[in-house]
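The values are calculated or read from the model by the stated rules, or taken from the named source; none is laboratory data. These numbers were taken from a predicted model, which means no experiment stands behind them. Cβ atoms come from the backbone with ideal geometry, glycine included; neighbour counts cover every protein chain shown. What goes into the accessible areas is simple: the full protein's heavy atoms, side chains included, and nothing from ligands, DNA or RNA. Shrake-Rupley method; radii C 1.70, N 1.55, O 1.52, S 1.80 Å.
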Amino acid sequence: MPIFTGVGTAIITPFNEKNEVDWNVYSDLIEFQIANGADAIIVCGTTGEAATLTYDERAESVRFVVQQVAGRVPVISGGGSNSTENSIRLCLDGQNVGADGLLCVTPYYNKTTQKGLVRHFTAIANAVDLPIILYNVPGRTGLNMEAETVYELSKVKNIVGIKEASHDLGQVTKIASLCGDNFDLYAGNDNEVLMVMTLGGKGCISTSGNVIPQNLHNLVVKFLDGDIAAARKLQLDAIPLIEAMFCEVNPMPVKYALNLMGYAVGICRLPLTTLEEESVEKIKRAMVNYGLI
């Protein structure tokens, strides 16, 4: 069984005026997600600014989300790092505070070979008991995990799926072909959910889900129910909004959008900064047109 089917929202981390995690706003965001169709919550991922959180903040964030969610949907903890030892520590932290699964990105900056990726993820998998979803996002990491590598890793017992954000649908197709139905495929790009579903995908792990969880949930449900026309409409109608959510570096646009929706999530931690005025107008226009504000 997949960890989840539908939309897994890669939730943002709200900060207060002191640049500390705002737990009250975090609670509100989680309740908004669950009330509006989110099928899983991914905490301390890229959208959650995990790279700027301390180890203690990461562990406390996962613990908080697990307690707030209280079993209503799966909670998946981000455990990626460019160090295998650090990744194991982060994954164990998530496991120890009650996460249901782990999301592990490929190593960045120092990168590695495809052989190194197999050894890296196998070492993590052997150190934990939770199911692991791999995360391939070469635009962020500078490293692509090839389909053959994913296939080798799919043989590891608790590596159960992949969030694919390579923007290469040919590669996604090859992963689906090699790994088959027993390996869970999730769209990592919000504008590709429908296409990945046609290849047997189980849904998406989404940034835009922070603002439109119900619509993305409905997209997946409509597709699985055989209403392809309705699923296609949901995907196409969301494209301008999705483009706005990525008009600058994630999660700067989506945090701005949540602020417009009345959630005081604050701004991003440095080195991320505030948006350019052109981006602000693009986000506002897309949100008005979509009916969010």
If you go through Val280, Val249, the only one that is among the β-branched types (Val, Ile, Thr) and within 22 Å of Gly45 (Cβ to Cβ) is Val249
Checking the conditions here, which among Val75, Val62, Val97 is of a type in the set (Val, Ile, Thr), modelled with pLDDT of 95 or more, out of contact with any Gly (no Cβ under 9 Å at 6 or more places or on another chain) and closer than 30 Å to Asp28 by Cα? Val97
Does Leu169 qualify as being surrounded by fewer than 20 Cβ atoms within 10 Å (Cβ to Cβ) and in contact (Cβ under 8 Å) with a residue 12 or more places away in the chain? yes
Near pairs, Cβ below 7 angstrom, 6+ apart or cross-chain, from the range 182-205 (on the phi > 0 side of the Ramachandran plot and touching a residue at least 12 places away in the same chain (Cβ under 8 Å)) to any residue that is buried (at least 24 other Cβ atoms within 10 Å of the Cβ) and part of a helix (DSSP H, G or I): Gly203/Val220
Scan the range 16-30 for residues that are closer than 11 Å to Tyr263 by Cβ and either touching a His at 6+ places or on another chain (Cβ under 6 Å) or of a type in the set (Asp, Glu) (or both) and jot them down. Asp22, Asp28
Specify which of the listed residues (Ile228, Ile205) is modelled with pLDDT of 95 or more and under 23 Å from Gly45 (Cβ atoms). Ile205
In this structure, does Val25 turn out to be crowded, with 18+ Cβ neighbours inside 10 Å and within 30 Å of Met197 (Cα to Cα)? no
So Ala38 clears everything in (1) part of a loop (DSSP other than H, G, I, E, B); (2) over 15 Å from the mean Cα position of the chain (by Cα) except one condition, right? Which one? (2)
Condition (residue is within 24 Å of Asn126 (Cα to Cα) and of a type outside the set (A, V, I, L, M)) applied to the range 23-34: is it met by at least one residue? no
Quick one: which residue in Asn86, Asn110 is within 22 Å of Tyr55 (Cβ to Cβ) and at pLDDT below 95? Asn110
Step by step: first the residues of the range 100-123, then only those that are without any contact (Cβ under 8 Å) to a residue 40 or more places away in the chain and assigned to a loop (DSSP other than H, G, I, E, B), then the one that is farthest from the chain's Cα centre (by Cα). Which residue is that? Thr113
Residues in the range 55-73 that are touching a residue at least 24 places away in the same chain (Cβ under 8 Å), assigned to a loop (DSSP other than H, G, I, E, B) and open to solvent by 30 Å² or more (accessible area, probe 1.4 Å) total 1
